[in-house]
Structures are given as structure tokens and as C-alpha cells.
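Worksheet: one structure, shown below.
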Amino acid sequence: MPDVASTAWQVAFEAIAKRNTAVSIANADAIDQADSEDDVTYFRVRMLAFDEAGFVIERPLPGGEHDTSEVVADDTQIVMTAVDNDQRWDVRTQVIGRQRFSLNEQLSVAALRLAWPTDVDKVQRREFFRVPTTGMELSHVELQPAGLDISMSVTGNDETGSSFNAQVVDLSGGGMGMIAPQDTKNVVYHISRYRCTFQLPTSDGPLKLDARVAHVVARDDKQFEIGLQFEYADEVERRRSVEQIVAFSTWVQRQQLRQQRGR
């Protein structure tokens, strides 16, 4: 049910805007008419501001595979999806104008002004418990962009299709959190899906899973926190992968218990 009157979503979006976290936007009519979410074109942009008038977001850049006019024209109804503290919010709003937004004294970006939402839906939280992996024997994850479906041009950069490594910080059967190095700046804000390859110390071979970006947060050290949600091909892959991740989670908990007992 719509939850526009609730203050919970406002607190979440204030935090999202403060961090300039990336959100996903799509044409509302396209969502309403699509048979599945895979049939909808999503654009990944940064949330720049949130106030009593509504939202300010980074404007999708033209020049990609998909036409950005479906989400940037005045009066266009769009759905914006954002994640804060593992809670997903789907907001239905409308484009009411364009502007330049100042990031600092030297730099401004093209932006869209969005109206106060007409509908706000809170989506179910994740069903899996994530286990912290800091200090555990877990290799880096290799992230290969799995299609530039958000289609944003990156001026002077040809690396959006290149794979890179990130450090896993937590993991569950539903997804993973990781830290990406600062030299991935021109990539992480413009990719919505990855092919993830990583090796668990409790498994014989590497796991190779598709995942959707849930959030990207810039850190003070100029690295990036990325949250991914796994998208399993079928129930067989889901069951097999979850079993391996649960086995790893159990192993991590045993390792941590041994460390505590050894203090």
C-alpha cells in the first residue's frame, strides 16, 4: 500500500541524498505495461538532493543504447528505486524540470527536478542473513559488467565493459557487499548488473552468479561500497549456490567463535 504519509521513507531519502547514493529510475508507463522487470529499461543515476519540493537527481546522459527521453521529458511519470539500510523503496513521481546542480564551487552537473511522490512502496527486506567476511580467507570477487542496460555514456572513458576486482565484506544467499577501488569511479555509477566470479574457501570451484546493483555509496577514502542482489538463473542454481554460501557462513561463524575463545 502507498505510504506517502509515513515519515520513514523521508528519513531514508534524506540519508540517500546526503550520501549522493545511486538510485534506479524507469518510465512508470513502461513498468505498468511490462510482463516482467527484465522488460523495463532502468537508468542508474545519483540522488543529489531531497527537500520539501521533491527530489533532484543526476540526469541520464544521452548517447547510449537506450533512449533517455523516456525518463527526462517534462511531466514524465517515473518510478525511482532506492535502497537504504537494506530496505528498498519504490517511489512514483514526475519530472517537473531541468537544472544545473552544483556539486562544489568548481563543478556542476545536469540534473532533473522530480515532484513530491504520489506513491511510496516499501519492499520486503532480504530473506538471508549476511555474514561479515572481514579478516576471513575470501578472495576478491571479479565483477564483469553484464550488459550496459542502463546505457549512460561516460565521456572520455572506455572502461565500462571491463572487469575489475573488489573486496567482499559480507555475503549471504541473497547477495553480497563489497569495496571497489577508487579507480572504478567512471564504472560503478553506470552499471546496473554484473557477472560475479568468486571462490569460497569451503567450495571446490568458483561461484559464477549474475547480480543486480542495489546501491553504490562513495566512501571518505574515495573507494566505493557496492551492494549486489543475486539473480539466479533457475531454482537449481539458487539451491546449489545457497547451499555453498550457507556452508561458508557456518565455517565463518566457527572461525569467529574459535577466535573469541582464544582471546
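Bear in mind that the values in this text are calculations on the coordinates, not laboratory data. Everything quoted here is computed from the prediction, not taken from an experiment. Ideal geometry is used to build each Cβ from the backbone, glycine not excepted, and the neighbour counts take in all protein chains shown.
What nm distance separates the two modelled labels at R19 and E52, each placed 7 Å from Cα along Cα→Cβ?
2.7
Quick check on packing: order 22-28, 52-58 by the mean number of other C-beta atoms within 10 Å, highest mean leading.
In decreasing order of mean packing, 22-28, 52-58 become 22-28, 52-58.
Hey, how many Å between the Cα centroid of segment 12-59 and the Cα centroid of segment 223-242?
22
What shape does segment 166-263 take by its C-alpha gyration tensor, where a ≥ b ≥ c are the square roots of the eigenvalues and a/c under 1.5 counts as rounded, a/b above b/c as prolate, and the rest as oblate?
Verdict is oblate for segment 166-263.
Amide H neighbours of A49 under 5 Å, counting only residues 5+ apart in sequence or on other chains, H built in-plane at 1.01 Å?
Those qualifying (amide H under 5 Å, at least 5 residues apart or on another chain) are V56.
Separation between the K222 and D39 pseudo-spin-labels, each 7 Å from Cα along Cα→Cβ, expressed in nm?
4.5
Run the numbers for W116 and S162: contour at 0.36 nm per residue of separation, minus the present Cα-Cα distance, in nm.
12.8 nm
Could you work out how much longer the chain between V11 and Q199 gets when fully extended? Use 0.36 nm per residue separation minus the Cα distance between them, nm to one decimal.
Net length gain for the segment: 63.9 nm.
Does segment 8-123 come out rounded, prolate or oblate, given a ≥ b ≥ c as the square roots of the eigenvalues of its C-alpha gyration tensor, rounded meaning a/c under 1.5 and, failing that, prolate meaning a/b above b/c?
Oblate shape, in that a/c is at least 1.5 and b/c is the bigger or equal ratio.
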